[in-house]
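K.L.:
What follows is a single structure, and I will ask about it in a moment.
The values are calculated or read from the model by the stated rules, or taken from the named source; none is laboratory data. Treat the numbers as computed from the prediction; the structure is a model and nothing was measured. Neighbour counts are summed over all protein chains in view; Cβ atoms, including those assigned to glycine, are modelled from backbone coordinates with ideal geometry. Accessible surface is based on the protein model in full, side chains and every heavy atom, while ligands, DNA and RNA are left aside. Shrake-Rupley method; radii C 1.70, N 1.55, O 1.52, S 1.80 Å.
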Amino acid sequence: MPPVADAAYLHNPEPDYPPMSVLRHETGIVTVGVLIGVDGRAQAARIAKSSGYARLDEEALTTARDRWRYRPGTRGGVPEAMWFNVPIKFKFPE
């Protein structure tokens, strides 16, 4: 039976907006590939798609890997470690 990729975010805090990115009006979406363990913690993470700004990419990677917790995917109802793409949007308030 293939794993069910129903891994999900919990109520995680917003990433910090890098101060220099604010000054330079850098915005974008970073997609972080996260290996979510059975305990809901990130076991590994990598940039799957860059925002085009290294500062935003690094903050997204750090946030998704070190600060956030997830609900793991399952196989046959049993939690299983799996990769999950996490989009993180950096956008100024309107």
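K.L.:
Step by step: first the residues of the range 1-39, then only those that are over 14 Å from Thr63 (Cα atoms) and at pLDDT below 90, then the one that is surrounded by the most Cβ atoms within 10 Å (Cβ to Cβ). Which residue is that?
P.N.:
Ala7
K.L.:
Considering only residues that are aromatic (Phe, Trp, Tyr) and open to solvent by less than 40 Å² (accessible area, probe 1.4 Å), look in the range 40-83 and name the one that is farthest from Ser21 (Cα to Cα).
P.N.:
Tyr70
K.L.:
So if I check each of Ala60, Ala64, Ala48, which one is modelled with pLDDT of 90 or more, over 14 Å from Thr27 (Cα atoms) and in a helix (DSSP H, G or I)?
P.N.:
Just one listed residue meets the conditions, Ala64.
K.L.:
For a quick check of your reading of the model, give me the residue pairs whose first member lies in the range 62-88 and is small (Gly, Ala, Ser), whose second is assigned to a helix (DSSP H, G or I), with beta-carbon atoms closer than 7 Å and at least 6 apart or on different chains.
P.N.:
none
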